[in-house]
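Here is the structure we will look at, set down as structure tokens.
The values are calculated or read from the model by the stated rules, or taken from the named source; none is laboratory data. Keep in mind that what you see is a predicted model, and the values were worked out from it rather than measured. Cβ placement follows ideal geometry from the backbone for every residue including glycine, while neighbour counts extend to all protein chains displayed. Areas reflect the complete protein model, heavy atoms only, side chains present, ligands, DNA and RNA absent. Shrake-Rupley method; radii C 1.70, N 1.55, O 1.52, S 1.80 Å.
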Amino acid sequence: MAAGPPCGTRPQPGRRSRRGPALAVCAGNLYAVALHGFDDPATKKIIIGGRDARLRRNLLAAFTKYGLTSSTTDADRAVTVVLAGPTDPLNGDDPANIVNRTRTGAGAQLELSTALRRAMFGDFSGAAKRRTTAGVPSADSPYADHFWNGFVSAVREAVRNHELGLDSL
């Protein structure tokens, strides 16, 4: 599948845009969380970007709470979690980025490495397999439940804390 135009740009003539409904959803909400993937087959990593600094901090704290950070004592379950810096190409801070096209002009963008996405699923070989094996351990991914459930729980908690106005400084 060909990649679409960068967020905030117009689709090429003759190309059907799926961005309209998503933009409408983002525009009607105070904030958003976007999930993206990047190619790193060796390191389980999450890069937290976006313009909403408080939501980014809440996400980092929640990933730490659910054992998805490198400080965990079990190296097989460790994930490198970093806040994107201002010069990071995956920082998600462009106002035209769909995640920042909310009522507040801010959201959070989570970039997940190939290694982490592979670790979340019992079978990563195709979309249908991923849908049925999310969080299901296998010989290829013995800790899929840890990665999947930890990630989902962390994002839910970070969003809940954000809605309550909390800040995990």
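Taken over the stretch 28-73, the residue count meeting the criterion of being touching a Cys at 6+ places or on another chain (Cβ under 6 Å) and on the phi > 0 side of the Ramachandran plot is 0.
Pairing each residue of the stretch 67-92 that is free of Cβ contacts under 8 Å to residues at least 12 places away in the same chain with any residue that is open to solvent by 20 Å² or more (accessible area, probe 1.4 Å) and acidic (Asp, Glu), provided the two are 6+ apart or on different chains, yields C-beta distances under 8 Å for 86/93. If the condition is being open to solvent by less than 40 Å² (accessible area, probe 1.4 Å) and not in a helix (DSSP H, G or I), then the stretch 21-39 contributes 32, 34, 38. All of 150, 107 fail the test of being under 30 Å from residue 27 (Cα atoms), touching a helix residue (DSSP H, G or I) at 6+ places or on another chain (Cβ under 6 Å), crowded, with 20+ Cβ neighbours inside 10 Å and in contact (Cβ under 8 Å) with a residue 40 or more places away in the chain, apart from 107. Determine whether the stretch 115-123 contains at least one residue that is open to solvent by 30 Å² or more (accessible area, probe 1.4 Å), under 19 Å from residue 42 (Cα atoms), more than 17 Å from the chain's Cα centre (by Cα) and not small (Gly, Ala, Ser). Within the stretch 115-123, one or more residues are open to solvent by 30 Å² or more (accessible area, probe 1.4 Å), under 19 Å from residue 42 (Cα atoms), more than 17 Å from the chain's Cα centre (by Cα) and not small (Gly, Ala, Ser).
Please find, within the stretch 51-84, the residue that is surrounded by the fewest Cβ atoms within 10 Å (Cβ to Cβ) out of those that are modelled with pLDDT of 95 or more and basic (Lys, Arg). Restricting to residues being modelled with pLDDT of 95 or more and basic (Lys, Arg), the top hit is 54.
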